[in-house]
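The values are calculated or read from the model by the stated rules, or taken from the named source; none is laboratory data. Quantities reported herein were computed from a predicted structural model and do not represent experimental measurements. A quick note on method: Cβ atoms are made from the backbone with ideal geometry, for glycine too, and the neighbour counts reach across all protein chains shown.
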Amino acid sequence: MPMWADICVAVLLIVGALAALIGTWGMLRLPDFMTRLHAPTKAATLGAGCALAALALRFYFVEGGSSLRYLIPLGFVFVTAPVSAHMLARAWRARHPVTPKPDPAMPSASP
Amino acid sequence: MTLELMLASQIAILVACALYCLMRGRLFDVIVGITLLSYGVNLFLFAMGRPAPDKAPIVPAHGGALSPADYVDPLPQALVLTAIVIGFAMTGLMVALALRRKQADGDDAGAEQ
Amino acid sequence: MTLLTICLLPWCAALLLARLRSATAAFALAGACALVVLGLLGQMAQAVWAGQTLQSSVAWLPALGVSATLRIDALAWLFATLVSGIGALVILYARYYMDGDERLPRFFALLCAFMGAMLGVVLAGDLVLLAMFWELTSLASFLLIAFNAPDRGAVRGARAALAVTGMGGLALMAAVVMLGRAAGSFDLATVLAAGDVVRADPRYPWILTCFLLAVFSKSAQFPFQFWLARAMAAPTPVSAYLHSATLVKAGIFLLLRFYPVLGGTDAWFFAVSTAGAITLLLGGVAAVFQHDLKGLLAYSTVSHLGLITLLIGFSTPTAIVAAVFHVINHATFKASLFMAAGIVDHECGTRDLRNVNGMWRYMPLTGSLAIVAAAAMAGVPLLNGFLSKEMFFGEALALEGHDPIALLAPLAALLAGAAGVAYSARFVHDVFFNGAPINLPRTPHEPPLWMAAPVAVLVLLCLLVGLIPTPIIGAPLAAAAHAALGGSLPSYSLALWHGFNGPLAMSALALVSGVGIYAVLMRKRALHQRPLPDPWGYRQFERLLLTLARSGVVLVRQLRGDRMRLQMAVLALAAVLAAGWPLLGGGFEAHLPELTAAIPQGGIIVWVVGAVFAIAATSARNQPVTVLLFLGAVGLAVALAFAGLSAPDLSLTQLFVEVATVLLLLLALQRLPVEAPPVRSLGKRLRYAAIAVAGGGGTGWLAWEAMLRKPPAISDYQLANAVSGAGGTNAVNVIIVDFRGFDTLGEITVLAAAALIVWAFLARERAGVLGRFQGSFMLPTAVKIVMPFAALVAVHLYLRGHNLPGGGFVAGLLLAIGLVLEALALGSWRSPHARPVRWLAAGLGLALLTGAASLALGYPFLTSAFGHPVLPVLGEIPLASAALFDLGVLAVVVGATVMLILAFAFGREEGKK
């Protein structure tokens, strides 16, 4: 495993861990639901993405062969994380109907 | 601190927490307690196989004689595997029963007295 | 063959009788049955008297050494003749006693059933058979006492009789099993010959205790005497038959039968004679003070049974002869007395001694018969009672060796004799003389001739035996006593006159003092105004029953479903005990060398996560959803622990089950509002905590101790044969689908059953669609993208399961979670793929078919076959029939999981029904 790859893996891991840490911290510190929602979403996408990318890189060099299968989970995370954030937001909206002054950008979704 | 002590203490903590929840008697706590208890019991059964790292019971495909000491006991694992799934089904059953009972008498005072 | 007929005939008759309507036909059938049995016994008389033992045997439970052996010797013959002979007379008597009662066929059926049971007890040649018939006599007696069922007295009497004799039956069963073990056989003949072995056996005290419990309860010996007095609620023919002549003699029969085996020891002497003496005196005194005619006779029966028991307790050969003799005599005079009492009751409408007086004027025939019988009971010379009582006095005087008893016995005998005379005198004087009747419901007159006939026959026997004993009773008595003794017969004389000696003096003294006692009580002490003596025993029995019932109620209240905390506490303490028991008893066995494995990387972190979140989940202050998240964290820690400790299959399963559980509980929570936790005092919480810590600590300790030793494991074989025997390298999966496939079949069946139950429970309110998510666009789209991948991963996990971590359970869980998400996203439980019932059916069917296929090929159920065909493109494919089975497992897991979760998801909302 060449040096540059090693450094890449290390950087990816550190960035991922930092993202996760910041996301978690944000979830604890941010004041209301909507702001709290966005912190872990980004953290999950970035953190997990970096970690999985590091993994794929490392196994490509260590084991040689295809490391494509480590990228499949990455795809899953990218697809599911925004959707779950979206669903959480919808659920929150369903519970807290919009105030009398409607926001033109967001059609009332409460059924 | 040995591995055995770690496992045993984890089992002890899980079972103690489970019992405490169960004794509190509220329906929700009972569900939590049963779930915790199933963790503890599964770990207990698993521990009977004398677990150790890096000894997964997956034998070489065409190897001749093998030494059992190189693998952990697979039998408790097989038993625990089915126990985990059945435990899930039992949790569902219990909750369904609770739900039915609540519908029958209107509140979940069931666990009280 | 004849023996079998004797034993079965009454049962056949009973079955037929139960179907009959006509009283006359029933009478004819029952009477014929008794007479045929009597005739068959008569045929055997000569052979049996000559000392022969006839036997017939059918194999019954050969593996247990139990056979249906019937056996008759002189003792059995004597009792069988008593049973059938008095049975015949009682049937004749009952025909008139219960004239016009439409229940007569039923009555005769029960009577015949009792006769069959009693003959079975007497003729059984096998201990187990004996115990069985013994139980049947208790049951028949119960039914007969309860014949007038709604009547309170009948029900209570029957209950007391069943409780006491049923307990005795259990004791007899225990005694029989131990006796059979000690003697090495259940065969009566073998047991009878093994007396020395049994008496030397260490179990002898236990055998004797259980045996005597059975005998004393049946024969109404102290402290069980009370049930007999209560049994007088039965119709009088029953009292005459069961509770004077036969049933209560079953205990005596057993004492005589097993005297050669168990008798002759000091324990036997003290236990039997003490019980006999107490019963003799208690019954005698109680009889004098009864105001009920049948009560008087019942207590006199108790007293006479005590007398016989006392004689057997004396354990001398002549005492045994006297006991056998008195059995015959008592049966004749007491049965006739009961019948006479029944006539009085029948004619007067009451049997209260305070009202029934001066009957001599109304029924001189019955009166004279009853007076003779009562005289026999009192032991007046020229009657049979006199002879056996003389023998009894003689035995009491001749007793030596055992000091206090040797001194007390003659005194007790004299006292009992006097009491016997006193109650006999009361019976005669109070009923037939003593002024005029008071307030009788009807005017009495002589009974029909045929009703008095049985009494006359029995009284005639009393007279004949009393006058010319040897020709009448000599041969059977000698033969029976010989059989009972199991050895040589002592010299004794049945003569009426032995000259002036001790026994004669005692008889005279007893007669004079007995009459005197009665006269004093009647004239000076106003016997009629005296309250009934406390029926000792019955009150205690009632109290015992009450206590038992109450403790049952308390126990039920404690163990009932809604006492969860208590149950949990018991559970926890049981775990503590299970761990602590071996430690208390000297500790676990020596430790083997410790097999300490290295702690895997990150193990400490996993441990801390598990511990912290488990403890956090117990806090009641958290939101339910938070608690569920904590639970999920604990589950994750457990999954990581599995992964780190060489159990990848478990890890995967735990992970997926965790997802499924959280899904299920979240869905359930929205319909199961969690109320605020109950407020509990600190002390209570501390107590729970203490119990919890003790229970958890005990479990942990047990695990710790178990992990420190390595017993030989069957899995060594399974590891070694996974490839060669089942064609798979993943030993866990091979065990699940092959080595223990049958187990797994059972488990998936349980899984399916649980899921179906939940489905059925919530089916009533299952709604078609899930309103909340309607209108969403992103989720269904995302699911459509992800779902095929999830299915692909599931297939992958399934295919590699036999060789690498994976398999049907894991793949099924993954697929199920995917399907559930799909159904939730589409907002309809009718999602195209989630048809849980079909999945279940297909899975179970496939698993069963796989098993059945091997059956069809001639192998045991679920035998697997495997091969490794090499296909052109895909390379070598491991192909095992177990893979098909695993596919069945997969389908069942999919169906069950989908069913369980969706059942909660698509329930109608609360309050919107």
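The rows are residues; the columns are (1) modelled with pLDDT of 75 or more; (2) within 14 Å of C:LEU745 (Cα to Cα); (3) among the aliphatic types (A, V, I, L, M).
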position: C:LEU821; (1), (2), (3): yes, no, yes
position: C:SER831; (1), (2), (3): no, no, no
position: C:THR850; (1), (2), (3): yes, yes, no
position: C:SER854; (1), (2), (3): no, no, no
position: C:ALA865; (1), (2), (3): no, no, yes
position: C:ALA880; (1), (2), (3): no, no, yes
position: C:ALA883; (1), (2), (3): yes, yes, yes
| query | Could you count how many residues in the range B:80-113 are modelled with pLDDT of 80 or more and small (Gly, Ala, Ser)? | reply | 6
| query | Within the bounds of the range B:2-18, is there any residue that is facing another protein chain (nearest Cβ under 7 Å), under 15 Å from the mean Cα position of the chain (by Cα), surrounded by fewer than 22 Cβ atoms within 10 Å (Cβ to Cβ) and without any contact (Cβ under 8 Å) to a residue 24 or more places away in the chain? | reply | yes
| Of (1) touching a helix residue (DSSP H, G or I) at 6+ places or on another chain (Cβ under 7 Å); (2) crowded, with 24+ Cβ neighbours inside 10 Å, C:ASP430 satisfies all except one. Which? | (1)
| note | Counting only residues in the range C:723-749 that are of a type in the set (Gly, Ala, Ser) and under 12 Å from B:THR82 (Cβ atoms), the one surrounded by the fewest Cβ atoms within 10 Å (Cβ to Cβ) is identified as C:GLY746
| request: Kindly check whether there is at least one residue in the range A:55-69 that is under 13 Å from the mean Cα position of the chain (by Cα) and either surrounded by fewer than 17 Cβ atoms within 10 Å (Cβ to Cβ) or in a helix (DSSP H, G or I) (or both). | output: no
| said: Tell me whether the range C:752-767 contains one or more residues that are modelled with pLDDT under 80, of a type in the set (D, E, K, R) and either at positive phi or assigned to a loop (DSSP other than H, G, I, E, B) (or both). | reply: yes
| task | Among the residues of the range B:39-80, count how many are among the charged types (D, E, K, R), surrounded by fewer than 21 Cβ atoms within 10 Å (Cβ to Cβ) and facing chain C (nearest Cβ under 7 Å). | result | 2
| Any idea which of (1) within 7 Å of chain B (Cβ to nearest Cβ); (2) closer than 30 Å to C:VAL889 by Cα; (3) modelled with pLDDT under 85 is the one C:MET707 doesn't satisfy? | (2)
| message | Considering only the range C:509-530, I want to know if a residue exists there that is surrounded by 15 or more Cβ atoms within 10 Å (Cβ to Cβ) and at positive phi. | response | no
| remark: Over the range C:334-370, the set of residues buried (at least 22 other Cβ atoms within 10 Å of the Cβ), closer than 19 Å to C:HIS291 by Cα and of a type in the set (Val, Ile, Thr) is C:ILE343, C:VAL344, C:VAL356
| query | Looking at the range C:142-165, is at least one residue more than 29 Å from C:SER67 (Cβ to Cβ) and among the polar types (S, T, N, Q)? | reply | yes
| query | C:SER651 versus (1) at pLDDT 90 or above; (2) facing chain B (nearest Cβ under 8 Å): which is the lone unmet condition? | reply | (2)
| field | Positions within the range C:260-274 being surrounded by fewer than 23 Cβ atoms within 10 Å (Cβ to Cβ) and not small (Gly, Ala, Ser), in sequence order | value | C:PRO260, C:THR265, C:ASP266, C:TRP268, C:PHE269, C:PHE270, C:THR274
